[in-house]
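Below: one structure, written as structure tokens.
The values are calculated or read from the model by the stated rules, or taken from the named source; none is laboratory data. The structure displayed is predicted, hence computed values, not measured ones. Neighbour counts run over all protein chains shown; Cβ positions are idealised from the backbone, glycine included. When the accessible area is computed, the model is the full protein with side chains, heavy atoms only, and any ligands, DNA or RNA have been set aside. Shrake-Rupley method; radii C 1.70, N 1.55, O 1.52, S 1.80 Å.
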Amino acid sequence: MAISKIRAVFQNEIKDVWKVVTSLDKYQWRSDLSKIEIKNEKQFIEYTRDGYATYFTVTVTEPFKRWEFDMENTNMKGHWIGIFTCQNGMTEIEFIEDVTAKKWIMKPFVKAFLIKQQERYVSDLRKALEQCVKSPDRE
């Protein structure tokens, strides 16, 4: 089991951060994905640029506060928690991943992989939110 946490602060309103993170049909800001297939309101599948599938089941949705899901693919199984807080018009996110490698050979590398993935995700999110601020057609 490996646990990885990342925190970041954005100069965006919490509703904008929440919308970008949870809008499964607008995933193009993610540099690691080729597509997301929405199965129903609780389940979806993310595909990497190489076509590798990870299955997700949403377990908690508290708008503008918390989003959680279980995730699984052939290499790992785990749980993701996203915590959203607002302070002085800025938004802080904390993302926590708890993952268990399914293959013993991967166990030593899981934590480093999670950290790299989380850093990439936050970088992509920061770029997407900068575009959100610049976009005149914000909802």
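Mind listing whichever residues of the stretch 1-13 are farther than 19 Å from His79 by Cβ and either without any contact (Cβ under 8 Å) to a residue 60 or more places away in the chain or open to solvent by less than 30 Å² (accessible area, probe 1.4 Å) (or both)?
Here is the first cut: in the stretch 1-13, the residues farther than 19 Å from His79 by Cβ are 8-13.
Of everything in the stretch 1-13, those that are farther than 19 Å from His79 by Cβ and either without any contact (Cβ under 8 Å) to a residue 60 or more places away in the chain or open to solvent by less than 30 Å² (accessible area, probe 1.4 Å) (or both) turn out to be Ala8, Phe10, Asn12.
Name the residue that is nearest to the chain's Cα centre (by Cα), counting only residues in the stretch 68-84 that are closer than 20 Å to Gln11 by Cα and open to solvent by less than 40 Å² (accessible area, probe 1.4 Å).
Pass one, the stretch 68-84, residues closer than 20 Å to Gln11 by Cα: 82-84.
Going one step further and asking which of them are open to solvent by less than 40 Å² (accessible area, probe 1.4 Å), we end up with 82, 84.
Values: Gly82: 8, Phe84: 12 Å.
The residue in question is Gly82.
Just the residues that are open to solvent by 50 Å² or more (accessible area, probe 1.4 Å), within 23 Å of Thr91 (Cβ to Cβ), touching a Phe, Trp or Tyr at 6+ places or on another chain (Cβ under 8 Å) and not aromatic (Phe, Trp, Tyr), please, taken from the stretch 43-67. Spell out how you get there, then give the answer.
Going residue by residue through the stretch 43-67, those that are open to solvent by 50 Å² or more (accessible area, probe 1.4 Å) are 43, 49-50, 52, 55, 57, 59, 61-66.
With within 23 Å of Thr91 (Cβ to Cβ) added as a condition, the list becomes 59, 61-66.
Subsequent filtering for residues that are touching a Phe, Trp or Tyr at 6+ places or on another chain (Cβ under 8 Å) retains 59, 61, 63-66.
Correct list: Thr59, Thr61, Pro63, Lys65, Arg66.
Would you check which residues across the stretch 85-104 are open to solvent by less than 40 Å² (accessible area, probe 1.4 Å) and either in contact with a Ser or Thr (Cβ under 6 Å, 6 or more places away or on another chain) or modelled with pLDDT of 95 or more (or both) and list them?
Filtering the stretch 85-104 down to residues open to solvent by less than 40 Å² (accessible area, probe 1.4 Å) leaves 91, 93-97, 99, 101.
Hits for the stretch 85-104 are Thr91, Ile93, Glu94, Phe95, Ile96, Glu97, Val99.
For residues that are open to solvent by less than 80 Å² (accessible area, probe 1.4 Å) and free of Cβ contacts under 8 Å to residues at least 40 places away in the same chain, scanning just the stretch 20-42, find the one that is farthest from Asp124 (Cα to Cα). So that I can check it myself, show each step before the final result.
So in the stretch 20-42, the residues open to solvent by less than 80 Å² (accessible area, probe 1.4 Å) come out as 20-24, 27, 29-34, 36-37, 40.
Checking the rest, the ones that are also free of Cβ contacts under 8 Å to residues at least 40 places away in the same chain come to 23-24, 27, 33-34, 36-37, 40.
Values: Ser23: 14, Leu24: 15, Tyr27: 10, Leu33: 11, Ser34: 14, Ile36: 16, Glu37: 20, Asn40: 25 Å.
Ranking the qualifying residues of the stretch 20-42, first place goes to Asn40.
Any residue in the stretch 105-116 that is part of a strand (DSSP E or B), charged (D, E, K, R), surrounded by fewer than 16 Cβ atoms within 10 Å (Cβ to Cβ) and out of contact with any Ser or Thr (no Cβ under 8 Å at 6 or more places or on another chain)?
So the first thing to find is which residues in the stretch 105-116 are part of a strand (DSSP E or B), and the list is none.
Within the stretch 105-116 (the criterion being part of a strand (DSSP E or B), charged (D, E, K, R), surrounded by fewer than 16 Cβ atoms within 10 Å (Cβ to Cβ) and out of contact with any Ser or Thr (no Cβ under 8 Å at 6 or more places or on another chain)), the answer is no, since none of the residues qualifies.
If you go through the stretch 43-55 one residue at a time, do you hit one that is in contact (Cβ under 8 Å) with a residue 60 or more places away in the chain and more than 14 Å from the chain's Cα centre (by Cα)? Let's see the steps before the verdict.
Taking the stretch 43-55 first, the residues in contact (Cβ under 8 Å) with a residue 60 or more places away in the chain are none.
Taking every residue of the stretch 43-55 in turn, none turns out to be in contact (Cβ under 8 Å) with a residue 60 or more places away in the chain and more than 14 Å from the chain's Cα centre (by Cα).
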